Amino acid sequence: MRGTGQKTNLQRKLTALIAGLCLTIILTVGFMVAVVQLQSAITAYTWGESVWSRAQVDTVHHLDRFAQTGRFPELAMARQSLSIPIGDLHARIAMTSPELHWQRAQNGLIQGGNHPRDVNRMILLVRYFSWLDQLDSALTAWENTDGLLLELDQIGNALEREWLTGTPDRERLQALRERLSLLDQRLQQNARKFRLAMGDAARWAASFLSIVSASFLIFVALLSWFLGFRLVRLLQRAEQNFRSIFEQSAIGIIQIDTSGRIVNANQATCDILGYQPNELVPYPYRELVHPEDWDIASEERRAINRGDIDSYTTEHRLVRKDNEFLWARLTVSRVWDAPSASAYFTTVLEDISESHRLSTELSFMATHDSLTGLINRRAFEHQLASRLGRVRKEGSQHALCFIDLDQFKVANDTSGHDAGDHLLRQVADIIGNNLREADTLARLGGDEFGIILENCNLNTARHVAEKVRAALDHLVFTWQETSHTISCSIGVVPITAESSGINALMKAADIACYTAKDSGRNRVCVMSMDDEHMASQRGQMEWLNRIQAALQGNLFFLECQIIAPPSKPRGGLRYEVLIRLRSPDGSVVPPSAFLPPAERYGVAAKIDRWVINHVLSKLSEAPQHLAALEACHINLSGRSFDKADFADFVVEQFDHYGVPPGKICFEITETAAVHNLLEVQAFMKRLSDMGCSFALDDFGSGLSSFGYLRRLPVTCLKIDGMFVRDIVTNKTDLAMVRAIHDIGRTMNMTTVAEYVESKEAASLLTEIGVNLIQGFWVHRPCPLDDILAREPAQIYSLLGPNKT
């Protein structure tokens, strides 16, 4: 107990001395900061006075110019200049009032042209040091300018009234100018008094702070010497007590001789290993090491025995007396015994079993999917790189499979995430049960899985993939009395020595899987790296970089195509905006080349945002055109609704550019509306409330289901062009157009026919009663800037077959 008390007392003294030194440093730093802040505040007022004076001079100058010329911009500049000293006036009142108005003082000083980072220290200087004679004199001079500034404002008002009459009284103007000159002299006198007073304050502060700083630093030096002296004495006493502290250490410490036997061990070592002290001495240290771990750090042991190194640290397992093992961190140091001139080794032992267990778990979590227990994408790509290296070295062949579930989103959305998690675990088990032991299965993310088929050619890989596909095709997943069927699309590619890298392999497998989905889902697509379809899909993937570069290099531009009634060429102006891409060589790339890959690889949403931003920007710059505009149609990709912030972005653009939402009609394809029904509903509801209208584009090309129309605030149906193009010669197409128009009319929707390319087609559409038509017969697309630059009458002249 006595030893424990001495140790605690020593710790307290050591802590107190260190705390004292730290407090001394903090006080020194705080004092120096306070000195700097005080001097900075005085400097800030000196600089602020120059801004104040310059603003006052500018005010008088502009008022005098206004009195002579009657030019109202001069009056505006005078009032702008006057706002600076007026701001300082309000700040001083807020600072010197009985109750400090901090925010008002800050705002006033900033209005007065002072730097925002200076205003707090300026407020504190006036609030707490105004009792100094120098500062009091400065404040008095400052206060004497209040009435003069207000009179300047009154002179400005009087001059304004004179010039507003149209026939100002010249004598009155001259009198005001003379008064203005007198005020200028008095203001400059007060500014000079303020400047001199602040100079006196700066000199007083420099002298006073120098004396105080010197005194304070002498005190700090003496205090630091005293604390340092006490600390050295305390450390010397601590060194004398080292042996007793060593015995009471909670960390195991072992002394081992050069023959490898334990010559001493503290109590902590005995507690960790479960031995009594007399049982460990002279126990061979090697008997404590797990047999499988003795070779760990063998090189370091030989080096320290030779004297090449003084210490090393290693981790391995030790065997307890009860034959259980623990993980230990051991730091071995070579020590010379001076009296005997012989060496021995001191080993510090720490039980790290728990941290090792946690480390193992964390390592597992970093490389495995927590839901299915399979390896994750990172570990899978590492395994793929390893297989690719072996292929190049040994000339073997493997296969890579990419699996994407086809109906997982339906089950996940309808039955909930718990059901989706349970389904993914079942899928992982089914896939694993249909693979060989040497194969590698991973969950790559979401509902995507990857397989490396070891030593497998493409023909065998196809059979394995078909086996997996068939097994999943037979799965009927039931959750809370609801059943779901599941299937998958699988892409298979070879892993050969010619493979350029894991990224290329993963992209190739993704392309093969996408091809399987695009071919109808629930199938296997096997591709070689030189497959023509693979090359085509890879070409589409290269569009991703081209589109990104086009967005950054501003290579996109906008065209538009007018939408008009079939029998009335005039009326409200309506057109659809069309995006175009210009190649670096100046040629125009058709949308059919870049929009499909943009949809496929997730950049269509960026294109939508670019179009919305540029359309609203251009419309905001053409107010006359905007007034004549009935509706500007903007197409939206289904991918945009995957982004949770898309609606916020559109609303923000309307707010930024000030374009009335009622002038914009967003076009959404039938397929996008059905596949993203909830997201589209929420978007339409929010934008409809603002005034936007919506058109359902390519209607009739998708699921041909009209029931969901009641759930969407659609005001316009655009009949798909594949029904309109041959309407003159194809009776089936004519019937389809009639049916779609009848549905739209029944639901009070405007119908628009696309791809109208002949007068005969226009006549038939007029007979049917279609409200609007669009196509080359009406108008060939032209740059949006050309339409914006024309008068409405000029735009109408573009319509008709003679302009095609």
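The values are calculated or read from the model by the stated rules, or taken from the named source; none is laboratory data. None of the values given here were measured: they were computed from a predicted structure. Note that we place each Cβ from the backbone using ideal geometry, even for glycine, and neighbour counts take in every protein chain shown.
Just to verify a result, which residue in segment 606-620, among those that are of a type outside the set (D, E, K, R) and buried (at least 20 other Cβ atoms within 10 Å of the Cβ), is farthest from PHE683 (Cα to Cα)?
LEU619
I need the full set of residues from segment 552-590 which are at pLDDT below 85, of a type outside the set (S, T, N, Q) and within 29 Å of LEU764 (Cα to Cα), in order please.
PRO566, LYS568, PRO569, ARG570, GLY571, GLY572 - these are the residues of segment 552-590 that are at pLDDT below 85, of a type outside the set (S, T, N, Q) and within 29 Å of LEU764 (Cα to Cα).
Would you check if there is a residue in segment 666-685 being touching a helix residue (DSSP H, G or I) at 6+ places or on another chain (Cβ under 6 Å), assigned to a helix (DSSP H, G or I) and of a type in the set (Lys, Arg)?
No, there is no match, as no residue in segment 666-685 is touching a helix residue (DSSP H, G or I) at 6+ places or on another chain (Cβ under 6 Å), assigned to a helix (DSSP H, G or I) and of a type in the set (Lys, Arg).
Only residues that are assigned to a loop (DSSP other than H, G, I, E, B) and surrounded by 15 or more Cβ atoms within 10 Å (Cβ to Cβ): list them for segment 261-280, please.
Passing the criteria: ASN266, TYR275.
Might you check whether a residue that is of a type in the set (Gly, Ala, Ser), closer than 16 Å to PHE649 by Cβ, in the same structural domain as PRO661 (by TED's automatic domain parsing) and assigned to a helix (DSSP H, G or I) occurs anywhere in segment 587-599?
Scanning segment 587-599 turns up no residue that is of a type in the set (Gly, Ala, Ser), closer than 16 Å to PHE649 by Cβ, in the same structural domain as PRO661 (by TED's automatic domain parsing) and assigned to a helix (DSSP H, G or I).
Can you name every residue in segment 740-763 that is among the small types (Gly, Ala, Ser), under 48 Å from the mean Cα position of the chain (by Cα) and part of a helix (DSSP H, G or I)?
Selection gives GLY744 alone.
Answer with yes or no whether ARG127 is modelled with pLDDT of 80 or more and either surrounded by 16 or more Cβ atoms within 10 Å (Cβ to Cβ) or farther than 19 Å from ARG203 by Cβ (or both).
Considered against the rule, which asks whether it is modelled with pLDDT of 80 or more and either surrounded by 16 or more Cβ atoms within 10 Å (Cβ to Cβ) or farther than 19 Å from ARG203 by Cβ (or both), ARG127 comes out as no.
Given the criterion over 19 Å from TRP47 (Cα atoms), without any contact (Cβ under 8 Å) to a residue 40 or more places away in the chain and among the aliphatic types (A, V, I, L, M), identify the matching residue among LEU149, LEU164.
The unique qualifying residue is LEU164.
Considering only segment 424-462, how many residues are within 11 Å of THR372 (Cβ to Cβ), loosely packed, with under 15 Cβ neighbours inside 10 Å and among the hydrophobic types (A, V, I, L, M, F, W, C)?
So the count comes out to 0.
Scan segment 35-47 and give yes if some residue there is surrounded by fewer than 16 Cβ atoms within 10 Å (Cβ to Cβ), among the hydrophobic types (A, V, I, L, M, F, W, C), modelled with pLDDT under 70 and assigned to a helix (DSSP H, G or I), otherwise no.
Yes - at least one qualifying residue is present in segment 35-47.
Being among the β-branched types (Val, Ile, Thr) and in a loop (DSSP other than H, G, I, E, B) is the filter; apply it to segment 281-310 and report the residue that is nearest to ARG261 (Cα to Cα).
Here the answer is VAL281.
Could you check how many residues of segment 398-411 are within 14 Å of VAL476 (Cα to Cα) and not aliphatic (A, V, I, L, M)?
The qualifying residues number 3.
Would you mind listing the helices (runs of 4 or more DSSP H) fully within segment 370-486 where at least 3 residues are over 36 Å from the mean Cα position of the chain (by Cα) and in the same structural domain as MET506 (by TED's automatic domain parsing)?
377-394, 417-433, 458-473
Restricted to segment 658-713, and to residues that are of a type in the set (D, E, K, R) and modelled with pLDDT under 80, which residue is nearest to HIS741 (Cα to Cα)?
Once the filter is applied, the top-ranked residue is ASP698.
If you scan segment 48-67, which residues turn out to be without any contact (Cβ under 8 Å) to a residue 60 or more places away in the chain and either surrounded by fewer than 19 Cβ atoms within 10 Å (Cβ to Cβ) or among the small types (Gly, Ala, Ser) (or both)?
Of everything in segment 48-67, those that are without any contact (Cβ under 8 Å) to a residue 60 or more places away in the chain and either surrounded by fewer than 19 Cβ atoms within 10 Å (Cβ to Cβ) or among the small types (Gly, Ala, Ser) (or both) turn out to be SER50, ARG54, ALA55, ASP58, HIS61, ARG65.
Name the single residue, out of those in segment 775-788 being in a helix (DSSP H, G or I) and in contact (Cβ under 8 Å) with a residue 40 or more places away in the chain, that is farthest from the chain's Cα centre (by Cα).
In this case the residue turns out to be ILE787.
Is it the case that some residue within segment 621-630 is outside any helix (DSSP H, G or I) and surrounded by 21 or more Cβ atoms within 10 Å (Cβ to Cβ)?
Scanning segment 621-630 turns up at least one residue that is outside any helix (DSSP H, G or I) and surrounded by 21 or more Cβ atoms within 10 Å (Cβ to Cβ).
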